[in-house]
Amino acid sequence: MNDKRMRILMAAKQTFELNGYHETKMAEIAKKADVGKGTIYEYFDSKQMLFEEMMKFLLDSMYDYLLERVDQEDDCIKKLGIIKSLDIELARDHGKLFSVVLERMSTASDSLKYKFELSRVKELKLIENIIDEGMEKGIFKQMNAKYFSYIFKGAITQATMSERCGMVSKEEDILDGLFNNLIASIRS
């Protein structure tokens, strides 16, 4: 990816996260990216297209980063802990951007909706593969790894959303308790 396009995508991320979709102006993105406003339109036909391409790029980047971190670890329990921790970090650091995304999904293109679904499926498959690996090594009891991946990811999502909505004070407390109980249940 060329440098200008990357700068535009990163400036768009910062601006959409700060201002929301409707209040974000292409001129502000151009200024943050240190390019002319017209340069943005050389790469993206509209604000909506820029937003969608930014989201696709971020989804790919987040998954690649997650995979890189998980691949550095041999211990299955620690791998699941990495996924949990990164999900918490993303929710905490970029929760406002995800609110903007949720707001825009009803008008999103089919390709962005597909990208979100693909991202979700890839992460669930990663969790499933970690559980399968743990069962093969005798670390986890035999279970349906696919179902557990849904339970694991769903629990993380619910805990982080509860914290974001102000319903609990610390998602780590909930997630640590949940994580420890889930790990205990799949180990015993």
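The values are calculated or read from the model by the stated rules, or taken from the named source; none is laboratory data. Small disclaimer: the values here were computed from a predicted structure and weren't measured. Glycine gets a Cβ as well: all are built from the backbone with ideal geometry, and neighbour counts include every protein chain shown. For the accessible areas, the whole protein counts, side chains as well, though only heavy atoms, and no ligand, DNA or RNA atoms are used. Shrake-Rupley method; radii C 1.70, N 1.55, O 1.52, S 1.80 Å.
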(request) Quickly run through the range 73-118 and pick out the residues that are open to solvent by less than 30 Å² (accessible area, probe 1.4 Å) and either within 12 Å of the chain's Cα centre (by Cα) or on the phi > 0 side of the Ramachandran plot (or both). (result) 83, 84, 86, 87, 88, 91, 95, 97, 101
(message) Yes or no: the range 18-30 includes at least one residue that is under 24 Å from residue 130 (Cβ atoms), of a type outside the set (Ser, Thr, Tyr), open to solvent by less than 80 Å² (accessible area, probe 1.4 Å) and out of contact with any Cys (no Cβ under 8 Å at 6 or more places or on another chain).
(response) no
(message) Could you tell me how many of the residues in the range 1-42 are within 19 Å of residue 93 (Cβ to Cβ) and small (Gly, Ala, Ser)?
(response) 3
(message) If I ask for residues that are outside any helix (DSSP H, G or I) and either closer than 20 Å to residue 101 by Cβ or of a type in the set (Gly, Ala, Ser) (or both), which ones from the range 1-44 would you list?
(response) 20, 21, 22, 23, 24, 25, 36, 44
(request) Given the conditions (1) without any contact (Cβ under 8 Å) to a residue 12 or more places away in the chain; (2) among the basic types (Lys, Arg); (3) touching a Leu at 6+ places or on another chain (Cβ under 7 Å), report the number of the one that residue 84 does not fulfil. (result) (1)
(message) Need pairs with beta-carbon distance below 6 Å; first residue assigned to a helix (DSSP H, G or I) and within the range 90-118, second loosely packed, with under 14 Cβ neighbours inside 10 Å; sequence gap 6+ or separate chains.
(response) none
(request) Return the residue satisfying two criteria in turn: it lies in the range 32-67 and is aromatic (Phe, Trp, Tyr) and under 16 Å from the mean Cα position of the chain (by Cα), and of such residues it is surrounded by the most Cβ atoms within 10 Å (Cβ to Cβ). (result) 51
(request) Among the residues of the range 119-132, write down those that are among the β-branched types (Val, Ile, Thr) and in contact (Cβ under 8 Å) with a residue 40 or more places away in the chain. (result) 127, 130, 131
(request) Return the residue satisfying two criteria in turn: it lies in the range 1-31 and is more than 21 Å from the chain's Cα centre (by Cα) and acidic (Asp, Glu), and of such residues it is nearest to residue 43 (Cα to Cα). (result) 3
(message) I'd like to verify a number: residues in the range 119-144 that are part of a helix (DSSP H, G or I), surrounded by 13 or more Cβ atoms within 10 Å (Cβ to Cβ) and among the hydrophobic types (A, V, I, L, M, F, W, C), how many?
(response) 6
